[in-house]
Each structure stands twice: as structure tokens, then as C-alpha cells.
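Where a number appears in this text, it was derived from the coordinates with a stated rule and is not lab data. Bear in mind the structure is a predicted one, so any value in this text is a computation, not a measurement. In this analysis, Cβ positions are derived from the backbone assuming ideal geometry, glycine residues included, and neighbour counts consider all displayed protein chains.
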Amino acid sequence: MTEKPTGTPSSDGSVVTPWQVTGAVDYDRLIATFGTTPLTSTLVERVERLTGKKAHHFLRRGIFFSHRDLDQLLDAYENGQRFYLYTGRGPSSEALHLGHLIPFIFTKYLQDAFRVPLVIQLTDDEKFLFSKHDVSSHPLESYIQLGRENSKDIIACGFDRERTFLFADSDYIGWLYPNVVRIQRAVSFSQVRGIFGFQHSDNIGKIAFPAVQAAPAFSSSFPHLFPTKQQIPCLIPCAVDQDPYFRMTRDVAPRLGYRKPALIHSKFFPPLQGAEGKMSASDPNSAIFLSDSAAQIRKKVNKYAFSGGRDTVEEHRLYGGDCARDIAFQYLCFFLEDDDRLEDIREAYSTGRMLSGEIKAELVRCLQPMLADLQARRQAVSNADVEEFMRIRPLIVE
Ligand code: TRP
């Protein structure tokens, strides 16, 4: 493997690794350096035809912008070969924030549109191993507990319990282990170091972990879901910073006699302060959490959302606002489903008819009911529901 270790800034100064996203990310450049394929409108139209549904606005608006082998997965689907979906979450904060929601909202759409089974990995082990906190204040148990809390947010996204298996690594590892050791044997230290930039001082758990995130991409890791010996193709929706894990996975697959998983990648959800980096749970003022009240949402948007508006009302009326830099507009692209309404706002704001305070009010009106709805659904998720999603059981596989 010849690629530069992750963590090396590219020439625009941005860094994209599974643990760090900083700077203004150039997504075209990322496609080139990661060696992924742009998600074209032709492919989006093909998804529409195969599912008989209008494509999700994340696809129509280029929020999911890149893929690996999605075309081949769709070829197989068209020939009657069903696939399964695999996504995950590293439990690091009590509540999910808006950025964490993106892959789950999209995965839920894919599950409904293709009517396929889904597995969701909670990497409590990863977050423990990669934690910068002291073990005494942040023991393994605390990550296991965060995983359980996060499960409720995830279930509240509306996944079909008949088609969804949720598992925490600390608990399910025995089932994954045969594939984990096969993968570990097939990857050398210099390969993972090349991909992830590990140092000699890193704990050995970090070095071994990528195999744990790779294993669920192979259907034999779930014998209770897929009792057949036949391999089921896998599609992984994820933010593009997770690609290094799956580059490694795809690299080892043929050596183990397994199919390479297909991937579909999203852009990052920007922090309130502006278009660089990604929303982070460790800075509560940069993030809107699923647990935020209506008043907190209004306050955070009004106080912190970076404005692409002009310095004075006069200038703004004259020159108009900059939608590309305006966080309220950017968030509306993620969450306002109505294309016509979004276009009206874009037009009004960029010509100066709509002011910064007004576009922020639009965003608040969009987010408040969406989060209130999620909170109500989360309230309704019981511990027994979590148990059910995590129970070893067959799923409906048509
Ligand atoms: N490593 C991811 C995180 O920190 C969690 C994860 C595990 C994941 N498996 C995945 C994400 C598959 C996307 C797809 O959040």
C-alpha cells in the first residue's frame, strides 16, 4: 500500500481520518486521493427506477456524493440478488447530534426503499481504545453504557425491528471473532500503519481494532441472520471519513474468499461555527443535540450559526447573502425536504430579499418539529425494545 498515512494534511490543509476532520474539505480531491467513484445522477436515477421511489434528497442534493461498487451491487439486485446494509456508531456522547443522524436517516431510507435487512454496529470497544480520557474517569463500562443510550436514539430513527439487528462489540464479539482473526491474519502491521497512521506508542487494541469494524461487512459474521452458506452482498452507508476501514476490508476480502462490500459515502455535517471540519460532540456550542429543547435550538442557531449575510442590512439588500457559507442555508439543504421551498429560500437569500435573521428563523422552524418528533419517539423506546433489537434472532430476508 503506497498511500500517505492518514493524518497528513493534503495541500489545501484539510485532514480527513476516522478520528479527525479539520479544514475546508475539497470533496473532489477526496474522491481522487481515496480512489472512490463519484455518485453520478445516472446512478441516482437508477436507484429511483429500481426502488420505484423518488430518490432521497440526500442523493438528489449530492450529500451522498461518492461510492465504491454501488453499480455492481445494483446489477446484482436487478438480477434478484438481495443485499444487506451495514452501518455503525462509535458511542462517545450521551446524545446523538444532527451530524450523527445523517447516516441513520439515509440508512432508514435505503432499508425501506430496498426492503433489505440491516445490521448496526456499536463500537464501544473502539471508543474505549481510542479515548483520550483517563481510564479511571472513562472506564470501559462508561462506553458500554453510552452505547445503550445511543441505541435508543438510533431506534427512534424508525428502523424496522423485523429487519434490523443492533449489536455492541463488547457483547457480540464472540460471533464476529472467527472473521476477526481471519482478517487479522491477512493484514500486516505496516499495512494498518499505512492506512491509519498508527505509532509505535499506540496501544495494541487500536492496531487490532480495524478487523472488528471490517468483520460485519461479511455476511458469515451473522449466522443467525444468514444461515445459508451463500454470501450475501453488503452495502455500507457511512461518512467518507470511515472509508479507510473499508478500503482495508475490500483489500482483504478476496484473500479470504469473500465479496468486497459496496460503499456509499456522505459529506460531513458542518459545525454551527462554519463550513470547516465537522460537527463535534465535544464542543456543545458547535452542535445541536437530539436532546436539545426548542428554546436551546433557537438560541444555538441565533447565537452561533455562522452567517453568510453582509455586514449591514443595506449591503445585504444590495449584494445578497452567500448561501455556500451560510450555515442556516447549509443545514436547510440537509433537513428541509421540500425542494421548491428550498429553492425559494436560496433565491430570496442570495438576492438579499431575505435577511440573515429570517433564514435562521426558517431553520429553527424546520428543526424544532423534527427534533420534537424524534424526542417523542425516543421517549417511547423502552429497555425491552433495545433488548429486542439486540436479540440474536433471524430477520426477515425476502
Ligand atoms: N467507527 C464508527 C464511528 O466511530 C462506527 C462504525 C462502526 C461505523 N461500523 C461502521 C460507521 C460502519 C459506519 C459504517 O462512528
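Observations on the model:
- Kirkwood radius for region 294-379, taken over all pairs of different Cα atoms as the inverse mean of 1/r, rounds to 13.2 Å.
- Calculated P(r) tail over 17 Å for region 1-114, as whole % of Cα pairs: 65 percent
- Non-local lysine pairs in region 15-273, meaning eight or more places apart or on different chains, with alpha-carbon distances under 18 Å, amount to 7.
- With the helix formula -39500 (n - 2.57) applied to DSSP H stretches of n ≥ 4, the chain reaches a computed 222 nm mean residue ellipticity of -14000 deg cm²/dmol.
- R0 of 30 Å, Cβ-Cβ distance A294-K54: FRET efficiency to nearest 0.05: 0.50
- Each of D26 and H138 was given a label point 7 Å from its Cα along the Cα-to-Cβ line. The distance between the two points is 3.3 nm.
- Exposure proxy order (Cβ contacts within 10 Å, fewest to most) of H200, H56: H200, H56
- Kyte-Doolittle mean at least 0.0 and Cα axial length at least 27 Å: DSSP H helices in the chain: none
- Residue order, fewest to most surrounding Cβ atoms within 10 angstrom, among H316, H138, H100, H224: H224, H138, H316, H100
- About its Cα centre, the dipole of the chain is roughly 760 debye, where the only charges are +1 on Lys and Arg Cβ and -1 on Asp and Glu Cβ.
- Taking the fewest neighbouring Cβ atoms within 10 Å as the starting point, the ordered list for C366, C323 is C323, C366.
- Isotropically averaged projected area of the chain, using the convex hull of Cα atoms (one quarter of hull area), nm²: 19.8 nm²
- Remark: region 51-132 carries a charge dipole of roughly 340 debye about the Cα centre, counting +1 on each Lys and Arg Cβ and -1 on each Asp and Glu Cβ.
- Cross-link reach is defined here as a Cα-Cα straight distance under 13 Å, omitting same-chain residues fewer than 8 places apart; for K360 the aspartates and glutamates meeting it are D326.
- Region 143-210: Rg to Rh, with Rh as the Kirkwood radius over Cα pairs: 1.08
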